[in-house]
């Protein structure tokens, strides 16, 4: 993900990563939630490291997605974007 890119929602990074995972699994990759969490967290820029570090041990994909989305919303509010 590039710095400042949209994280959640339509055309967001999370949706793109989930789409890629689905396509890979359809092709036989069998990417587990834990493996996907690792790939997803590693795809964020260095500026997200304080947030990402806290989620590295998380095994619940839903919690990871909620935390990433919540942080993105906070960044958006702070920068005055919708």
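Of note:
- Which listed residue is exposed (fewer than 12 other Cβ atoms within 10 Å of the Cβ), on the phi < 0 side of the Ramachandran plot and not in a loop (DSSP other than H, G, I, E, B), from 18, 78: 78
- Check on residue 69, surrounded by 11 or more Cβ atoms within 10 Å (Cβ to Cβ) and either assigned to a helix (DSSP H, G or I) or touching a strand residue (DSSP E or B) at 6+ places or on another chain (Cβ under 8 Å) (or both): yes
- Of everything in the stretch 37-59 that is in contact (Cβ under 8 Å) with a residue 24 or more places away in the chain and over 10 Å from the mean Cα position of the chain (by Cα), the residue that is surrounded by the fewest Cβ atoms within 10 Å (Cβ to Cβ) is 59.
A short reminder: the numbers here are calculations on the coordinates, not readings from a lab. Being a predicted model, the structure only gives us computed values, none of them experimental. In this analysis, Cβ positions are derived from the backbone assuming ideal geometry, glycine residues included, and neighbour counts consider all displayed protein chains.
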